[in-house]
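Read the figures in this text as sums done on the coordinates, not as results from a lab. Since the structure is predicted, the reported quantities are computational estimates derived from the model, not experimental observations. Glycine also receives a Cβ, built like all others from the backbone with ideal geometry; neighbour counts cover every protein chain displayed.
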Amino acid sequence: MTIRALDQLLTRIGKRPAFVIALSALWLILVGGIAFFWHLGSIGLIDETEPLFAEASRQMYVTGDWITPFFNGKTRFDKPALIYWCQAIAYSIFGVNEWAVRLPSAIAAMAVIGLAFYTVQWQLAKQDALEQVFRPSRRWLTAGIVAAVMALNPEMIVWGRTGVSDMLLTGCIGSALLCFFLGYASQEGSGIGDRGLGGLGEKSLLSSPDPQSPIPNKWYLACYVLIAGAILTKGPVGIVLPGLIIGVFLLYLGKLREVVREMRLLLGILMILGLSLPWYLLVTWRNGWNYINSFFGYHNIERFTEVVNGHTAPWYFYFLVVLLGFAPYSVYLPLSMARLKFWQRNYWCSQERSQQLGLFAFFWFVSIFGFFTIAVTKLPSYVLPLMPAAAILVGLLWSDLFKDSSIREQIGQGRISPLSSPSLSFLLWTGWVNVVFVSVIAVALFYVPRLLGSDPAAPQFRQLLQQSGLTTLGGVIWLVCAVVLAVVILRRRWRHLIGVNLLAFALSLIFVLTPALFLIDQERQLPLRELSAIAVQAQKPGEELVMVGFQKPTVVFYSQRPVNYIKMSAAAGDYVKKEAVNKTKSDSILVLAQPKKFPEMGLQSNNYQTLGKSGAYQLIRVPLNR
């Protein structure tokens, strides 16, 4: 279907906004379902971080202590309480399982994607009204691309399917920033061109606010609530990042004082503190300086100023993270930013507020990127909150291709050279970079089994992966993608470039990545779950479970019992000897380790009873009266 035909179709159904809303909802459910909910709970928890959150939330659910998080009998002050609350609530509804652990992350991802879909549609509807044109297909296709690109990229999928706090933080910050922009743009006051979620006739959620009202508009209020949620998810960064982005954006436009007044910032700060501060006061009152030093000192200040847990990386680390984490669309980010001509400040200051979404997304992206580049501790998940901005930038780049059908058709027919348009010229070269990029991905996938090193926790994985043919299938998918992209460029079908990338990524997710995750789970995590189940059945009253040589928090979650971690084999051997003398708890002890660790502990095969063996691990019972 051509863009013109789609325009005609959407215009005809414009009198039935419910149909357009349903169509939009189905699209969001499709891309979000594939990206986040498909097989969400089919794979066991992944060591090491995910079960730390899952078990701390289970402890809240079981004990009813909603203030202090605990893991394995010790306080866990790494993150604030919101992620634990969300997971504990999910447990109460769906039971204690992997689905419930990951559900808050999946919902947070869907929420920010849905709000971005609405925001882009509304912004383009305002632009059409200003230009006195009606282009419903452009609005819907652009918003659809933004939603799909935002969902179908490695960073969003990894953290949207993982039961940790990163996606909840991204959902809160991303939604807060979008709410700010909608509130900021709605202050234009006229409401002209508002056509609802579908942009096709329904009254918009945005309305002209009363400038004399002591209360900010509802979008600003929502922004404050979401910032409070971000603070309860990861602490001060939840307000620092939105404040930095909004502040830089308004300073650039010279509207800081004006917007601060209309936002009723003092009231907003009181709202944020009123929603987020009580838990911090309660947990500090209960735990004192232990909490303050651990959370604010170690997990916030030291992570920014020093290397924590060995997470160091060179200054260009996040260039690589964005390149691969936002693949394959990352190659279009430079052009998406250059298209804005952000250096032309006078131009942007003269624009209507509603038309500054691209500029806002630009400052959103570079502020987070710069902030974490400066930080000393570096992790790939830290830049996850900039991914929604990256998707908006790329989507708005494609909106230009849906803007003028007559010019586009003349280019397609060869009557106008794409080189006559500077943006199309750059798009041409970026398209060829896209071809090279996905070709490199294809070649890398062909060689993945050879490049993988041995993993002591999953010694057979490399061989099984090679036998499965999954990496070969992935290489073929991306190689075909490269060929199709080349054909699309040669035939000058520019608007299809992003669709080819999206389709290739979706196919890779369904037919390559998901089966590979099942394979990893089978080799790396399933043995620990099986031995945890055996330990639950075999454990005697008072009998201690000791894990030697490695720390796998999944054992605590699946056994629902405390585990004593001892890193060194010699130290574990000394501990067993000490317990044999004291016998304070039981006349035996359970030990979970790799078989090679037992001789290092001074144990021979006749010194213990084997209870189970799975994968690289073995569970034994050591009598203390030997």
Q: Select from the stretch 604-625 the residues that are of a type in the set (Lys, Arg) and more than 24 Å from Lys578 (Cβ to Cβ) and list them in ascending order.
A: Lys613
**Q.** Long-range neighbours under 8 Å by Cβ, at least six apart or interchain, first residue at positive phi within the stretch 218-235, second part of a helix (DSSP H, G or I) and surrounded by fewer than 24 Cβ atoms within 10 Å (Cβ to Cβ)
**A.** Gly235/Phe295; Gly235/Phe296; Gly235/His299; Gly235/Asn300
Q: For Tyr575, state whether it is under 16 Å from Gly44 (Cβ atoms), part of a helix (DSSP H, G or I) and not aliphatic (A, V, I, L, M).
A: no
Q | Answer residue from the stretch 51-102, given it is among the basic types (Lys, Arg) and buried (at least 22 other Cβ atoms within 10 Å of the Cβ) and is farthest from Val158 (Cα to Cα) among those | A | Arg58
Q.
I need the full set of residues from the stretch 310-339 which are free of Cβ contacts under 8 Å to residues at least 24 places away in the same chain and part of a loop (DSSP other than H, G, I, E, B), in order please.
A. Gly310, Pro314, Tyr316
Q. In the stretch 514-546, what count of residues is obtained for those that are polar (S, T, N, Q) and touching a Ser or Thr at 6+ places or on another chain (Cβ under 9 Å)?
A. 4
Q. If you take the residues of the stretch 535-553 that are farther than 19 Å from Pro595 by Cα and among the polar types (S, T, N, Q), which of them is surrounded by the most Cβ atoms within 10 Å (Cβ to Cβ)?
A. Gln539
Q: Test Ile510 against the stated conditions and say whether it is within 29 Å of the chain's Cα centre (by Cα) and under 30 Å from Leu397 (Cα atoms).
A: yes
Q. From the set of residues in the stretch 255-268 that are in contact (Cβ under 8 Å) with a residue 12 or more places away in the chain and within 15 Å of Ile215 (Cβ to Cβ), which is surrounded by the most Cβ atoms within 10 Å (Cβ to Cβ)?
A. Met263
